[in-house]
Structure formats: C-alpha cells, structure tokens
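Everything below concerns the one structure shown next.
The values are calculated or read from the model by the stated rules, or taken from the named source; none is laboratory data. Bear in mind that the values here come from a model prediction, so they are computed numbers and not experimental data. Glycine also receives a Cβ, built like all others from the backbone with ideal geometry; neighbour counts cover every protein chain displayed. In case anyone asks, the SASA skips ligands and DNA or RNA and just uses the protein heavy atoms, side chains included. Shrake-Rupley method; radii C 1.70, N 1.55, O 1.52, S 1.80 Å.
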Amino acid sequence: MTNAEPVDRQAVYDDYERARRTFHRLLDSASKDDLARPTRDTKWSNEQLLWHMLFGYVVVRALLVLMRVVGRLPRRASKVFARVLDAATVPFDLVNYLGPCGAVKVYGPRRMAAAFDRVTGSLERHLAEESEADLARGMHYPVRWDPFFRDYMTLADVYRYPTQHFDFHHRQLTLGSGNVN
C-alpha cells in the first residue's frame, strides 16, 4: 500500500475548494474568444480543456465504484484488469480527446461551473464517510491512461488524483493575456 498514515482529509477538501474557486474564476473571467483560443500542448480549445479538467473529478466517482469492486479482489486480479485497460489505450485516448469536443456543445461555462460544484461536493461527502481501512485499500491502474495514475493506488490516492490532474492542465490554459494562474 502507498499510504500507511491516516489521510489528511482536510487537505483534500482544501484542494477541492481551491480548484473550485480557480475553476469559477477562470470561467467568470473568460470571454468567448478566450474560450475558443487553442491551449498549450493540447489539441483542445480552452473551453474543451476546462471541461476535461472538470471531467477529472467526474471520473473519480466511477473510480470509487471500481475500487469497491476490484479493490476487494486479490492484487493479481487488479493487475490483470489494469493490463487489459492499458491494452485499450488507443481507443481510450480517442474517447478522451473527443469527449470534451462534444461536451462543450452541451455544457456551457455556467453549466460547467454548477457541475464542478456538484461533483466536488459529492466527492467531499463520500470522503467524509470513508473508513481509514477503505482509504488504505488499493488496486492496480492502467498507467498508460493518465500520467497521474500509478501502478498501484489506494482509495486515498484516488481522492487526491483529480486535483493533480486539474493543476497539470491549468498550466496549459491560454486564457486572458495568455496565462491565467
């Protein structure tokens, strides 16, 4: 296991709140032209990348369910599962790219902001209910899918993942004068 110490839940809550405030500030200050501008080192527009940043939190809800099932199986089972998912990296990458392209046609900035609040609030409530034993349980992950997935992650690691993902992509945005940090 990667975490032998109790999880600092307040640090996770604080990170979610910081990301929430940042997300709102970015959306509130962005013009239509800002949102349409290309980002650094991605093929997305700023608006598409903002949606992808939101989706990093949304995907954690699915990972919580996955962890409850696969995390209870022998480690070998999760290792095989992770290898199968790694083998499907090419279709995953395509879906991962196309998702934001279509999502921004449905979700405008206002809906994205509300969704961010809902999903982070939901994650905070789930984290508050987790036992230390559950937070220490882990499984193997498809490391080719995301630079923040490690070979073996605990549930506590999964709760920290979306803010790592958010912070990484935040640096790729080109809002305002080209870099809003």
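Which residues, counting only those in the range 88-98, are surrounded by 12 or more Cβ atoms within 10 Å (Cβ to Cβ) and not aromatic (Phe, Trp, Tyr)?
Pass one, the range 88-98, residues surrounded by 12 or more Cβ atoms within 10 Å (Cβ to Cβ): 88-89, 92-93, 96-97.
Listed by number, the residues that qualify are ALA88, THR89, ASP93, ASN96.
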Positions within the range 87-142 being more than 27 Å from ALA156 (Cα to Cα), free of Cβ contacts under 8 Å to residues at least 12 places away in the same chain and hydrophobic (A, V, I, L, M, F, W, C), in sequence order: VAL90, LEU94, LEU98, VAL106
Report whether or not VAL65 is closer than 25 Å to GLU17 by Cβ, open to solvent by less than 50 Å² (accessible area, probe 1.4 Å) and in a helix (DSSP H, G or I). no
Looking at the range 10-29, is at least one residue at pLDDT 95 or above, open to solvent by less than 40 Å² (accessible area, probe 1.4 Å) and assigned to a loop (DSSP other than H, G, I, E, B)? no
In the range 162-174, what residues are out of contact with any strand residue (DSSP E or B) (no Cβ under 8 Å at 6 or more places or on another chain) and either open to solvent by less than 30 Å² (accessible area, probe 1.4 Å) or without any contact (Cβ under 8 Å) to a residue 24 or more places away in the chain (or both)? PRO162, THR163, GLN164, HIS165, PHE166, PHE168, HIS169, HIS170, GLN172, LEU173
Among the residues of the range 130-142, is any over 14 Å from the mean Cα position of the chain (by Cα), on the phi < 0 side of the Ramachandran plot and basic (Lys, Arg)? yes
So which residues in the range 30-62 are among the small types (Gly, Ala, Ser), crowded, with 16+ Cβ neighbours inside 10 Å and not in a helix (DSSP H, G or I)? ALA30, SER45
Only one of TYR159, TYR152 is touching a strand residue (DSSP E or B) at 6+ places or on another chain (Cβ under 9 Å), in contact (Cβ under 8 Å) with a residue 40 or more places away in the chain and aromatic (Phe, Trp, Tyr); which? TYR152
